[in-house]
Amino acid sequence: MSTPEQAAPAPVAVPSPRADFMRRFLSGDLGFLRVIVGLIVIWAIFYSQNTRFLSAQNLTNLVLQITAVALISVGVVLVLLLGEIDLSVGALSGLAAAIMAVLQVKHGWDPYLAVAAGVLTGMIIGLFQGTVFAYFGVPAFIVTLAGLLAWQGALLYVLGDTGTINITNGKLTGLANTFYGETASWIIGVVVIVLYGAANLWGYRRRVAAGLADQAIGTVLLRIGVLAVPVIVAIAIFNQDRGLPLAALILGAFVAGFQYLISRTRYGRHIFAVGGNIEAARRAGISLGAIRISVFALAGTMAAVGGIMEASRLLAVNQSSGGSDLLLLAIAGPVVAGTSLFGGRGTVWSALLGALVIGSISNGMDLLNYDSSVKFMVTGGVLLLAVVIDAIARRQRQAEGRV
């Protein structure tokens, strides 16, 4: 009796490199590349209309202008990773800056203690809002919408009849108005590149020793180069103007620190887990309440840091601090740069890249003397486009059976 021949296994279709690249691009895996391409297009358009746009002076001003928004966006990214939203960060940033200014100018506090009080205010308010959301079941949208109104009122109360408080203390104004000379700038740049390179090579060496190396050494070196090139170019541009801004170092430190927090720690993995699948996170034993409260506390803290940096740049706090389009920009930036509104997907680098995109559009329209009405409509259109792209990418991932 003859045995039937076994059927040959069906060949596995291997997509071409070009098709695989397009699939990853459309599904959001290469979101940063999409943002960088968009940023290059934006810069090219505005440069064609006004050559001053890419001047060293204007690019330095652009970095100073986006610092506050990007710092606030760092906290917003954490909230978005949970699949939630915080509408109070703008008003909270103004309140924290007002508390700092009142304590230092009117009550003679040491400037660093005044800054600490402002940051602590943001953290406490974030803890409060996170607790109401986590333990009372009130949607974060409603909690923070109430906070938006309440903290605007608190800002007016703190300022009192004064209305505007001018900041003249050199330690406070120096946060956003200090520039390092050419030699110091290059030393700082080299130190940053060396430390980043050493950390990556050390991590690669540890993975190799543990038999867990999933990347070639060339990939690690490429990652180091991806950071080194922008750092070198940025320092060269800054040195053509006033030098390396302290504000840029503060922003870079917070972005890098929080990126490490969410990508290299258990706490960060828990944030992604809660935002990706809350029921699975609960069954895995993750404390949902603790994660939610701590994330909103961090968002409040970063809102306060951003507000203080903005007050330092403008040399004053007034009744409109934290208002206008600050909230819109702080939320729009990360979304434009690829952080999903649906939770569980994004990076802290999106806070920086998104602020660059939104800030470049605003800065370019200012140079071209566009009306505020046009600026709002364009920014809103960019945000809507980013959300649509995010929804399409999510649908693509679901079609492929990925989260």
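The values are calculated or read from the model by the stated rules, or taken from the named source; none is laboratory data. From a predicted model like this one, the values you see are computed outputs, not experimental measurements. Here the Cβ is made from the backbone with ideal geometry for all residues, glycine too, and neighbour counts use every protein chain on show. Accessible surface is based on the protein model in full, side chains and every heavy atom, while ligands, DNA and RNA are left aside. Shrake-Rupley method; radii C 1.70, N 1.55, O 1.52, S 1.80 Å.
Brief remarks on what is shown
- Point-charge dipole on Cβ atoms (K/R +1, D/E -1) for the range 284-403, about Cα centre, debye to 20: 480 debye
- Extension gain, Val41 to Phe128, is 27.1 nm, computed as 0.36 nm per intervening residue step minus the present C-alpha separation.
- Relative contact order, percent, the range 172-269 [alpha-carbon distance under 8 Å, six or more residues apart]: 45 percent
- Cα lying deepest toward the dipole's positive end in the chain, options Gly170, Gly153, Leu328, charges on Cβ: Leu328
- Rg over Rh [alpha-carbon atoms, Kirkwood Rh] for the chain: 1.02
- Rounded to the nearest 20 debye, the dipole magnitude of the chain is 900 debye, with +1 charges on Lys and Arg beta carbons, -1 on Asp and Glu beta carbons, and the Cα centre as origin.
- One chain, two ends: Arg283 and Lys106. Fully extended at 0.36 nm per residue, the span grows by 58.5 nm beyond their Cα-Cα distance.
- Taken per residue, the accessible surface of the chain reaches 51 Å², heavy atoms only and a 1.4 Å probe.
- Potential lengthening between Ala391 and Ala210 on full extension [0.36 nm per residue; Cα-Cα distance subtracted]: 61.3 nm
- Simple spin-label estimate for Thr164 and Leu33 in nanometres, 7 Å along Cα-Cβ: 4.9 nm
- Most tightly packed first, judged by the mean number of other beta-carbon atoms within 10 Å of their residues, the peptides 322-331, 354-363 read 354-363, 322-331.
- Ordering 117-127, 375-385 by mean Cβ neighbour count within 10 Å, with the highest value first, yields 117-127, 375-385.
- Angle in degrees between helix 266-276 and the longest Cα principal axis of the chain, rounded to the nearest 10: 80 degrees
- Rounded FRET efficiency, nearest 0.05, which uses the C-beta distance separating Tyr157 from Val374 and R0 of 41 Å: 0.75
- Every helix of 4 or more DSSP H residues in the chain counts as -39500 (n - 2.57), and over all residues that averages to -25000 deg cm²/dmol at 222 nm.
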